[in-house]
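I have placed the structure first, in the form of structure tokens, so that the comments after it can refer back to it.
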Amino acid sequence: MTRDDIMALIARRNDALMRGDAAALAADYAADAVAESPWVGTVKSREAIEQTWRAVLSAFPDQVFHEEELLVDGDRAALFATAAGTDLGGVMGLPPTGKPFRTPVVFLFTFDDHHIVHERRIYDFTGMLVQIGVLKAKPA
């Protein structure tokens, strides 16, 4: 993929994310893609990745991503963003708390000729759980 192709795919992905469209998000992954995430671990296949997006979008239907920077180098890219939302759907089978979160997020991508073949999502999952009231933290 060219730099312009990657930038267009990321823009399309961000649009699908803002619309809450898990199927459109999944369409940009290769059939045998791999995604790694603190929340769901490592999943393999477009269908499994779509399910991870459905879980995220169900738990945080008002979630927004504020893209801050996109770095592209050959067939790889790093997207720096801030995610924010409210626990309106519940996380990991727990009832929703109605509490908001805001956390920095980094997505590391590897592409083939047309799709994402590997994605690594990096964010403070424990910190997010504390913000939404699922975990308690000792005061500093």
Under 16 Å from a point placed 7 Å out from the Cα of E47 along the Cα-to-Cβ direction: which residues of segment 10-24 have their backbone N that close? 23
Specify, per residue and in Å³, the volume enclosed by the convex hull of the alpha carbon atoms belonging to segment 1-136. 87
Counting Lys and Arg as +1 and Asp and Glu as -1, what is the net charge of the other residues whose Cβ lies under 15 Å from the Cβ of H118? -2
Using a cut-off of 16 Å between alpha-carbon atoms, which aspartates and glutamates can reach K136, once sequence neighbours fewer than 8 places away in the same chain are excluded? D87, D124
Modelled label-to-label distance, K99 and S58, 7 Å Cα→beta-carbon offset: nm? 2.3
Computed label-point distance, nm, for sites K136 and W39 using a 7 Å Cα→Cβ extension: 2.5
Kindly state, to the nearest 0.05, the FRET efficiency for D124 paired with M18, given R0 = 35 Å and r defined as their beta-carbon distance. 0.95
Using the basic label-point model (7 angstrom from Cα toward the beta carbon), what is the F80 to D112 distance in nanometres? 3.1
Which residues in segment 108-128 have a backbone N closer than 17 Å to a point placed 7 Å from the Cα of D32 along the Cα-to-Cβ line? 110-119
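No lab work stands behind these numbers, since they all come straight from the coordinates. Worth saying up front: this structure is predicted, and the values here are computed from it rather than measured. Positions of Cβ are generated from backbone atoms using ideal geometry, with glycine treated the same way; all protein chains shown enter the neighbour counts.
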